[in-house]
Amino acid sequence: MAQWRPGTFAPFGLSDLLGGVVRANKRQITREVYERKVDRWIKFWPKLTIVNWHEANMR
């Protein structure tokens with residue numbers, strides 16, 4: 001039986017995660033979905049740094 005284990009998902013590194021930087025993962029999400037999520041997240045966490053879709057290059 002598979003067990004769920006808590007973990008950290010930081011595709012762009014811990015510096016973005018700990019620094020409150022939101023950057024689009026263009027391999028997994030569309031621009032429209034990213035913008036909807038960002039609009040929702042910024043209401044809860046107004047100090048997030050949002051990286052524009054066009055500036056969010058894959059590392």
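The values are calculated or read from the model by the stated rules, or taken from the named source; none is laboratory data. In this text the structure is predicted, and so the values were computed from the model without any measurement. For neighbour counting, all protein chains shown are included, and Cβ atoms are generated from backbone atoms with ideal geometry for every residue, glycine included. Note: accessible area is taken over every heavy atom of the protein model, side chains too, but ligands, DNA and RNA are not part of it. Shrake-Rupley method; radii C 1.70, N 1.55, O 1.52, S 1.80 Å.
Remarks
- A 1.4 Å probe run over the chain, with the rest of the protein chains in place, finds 88 Å² accessible per residue.
- Other-chain or far-sequence residues with amide H under 5 Å of V22's (modelled H): T49, I50, V51
- Based on the reciprocal of the average 1/r between different C-alpha atoms, the Kirkwood radius for the chain equals 12.7 Å.
- Charge-dipole axis of the chain as Lys and Arg at +1 and Asp and Glu at -1 on Cβ define it, positive-most pick from L18, Q3, N57: Q3
- Per DSSP, loop trypsin sites (Lys or Arg not before Pro) in the range 1-46 with at most 13 further Cβ within 10 Å: K26, R27
- Solvent-accessible area, 1.4 Å probe, carbon plus sulfur percent, for the chain: 55
- Here the contact order of the chain, divided by its residue count and restricted to Cα pairs under 8 Å and six or more residues apart, works out to 41 percent.
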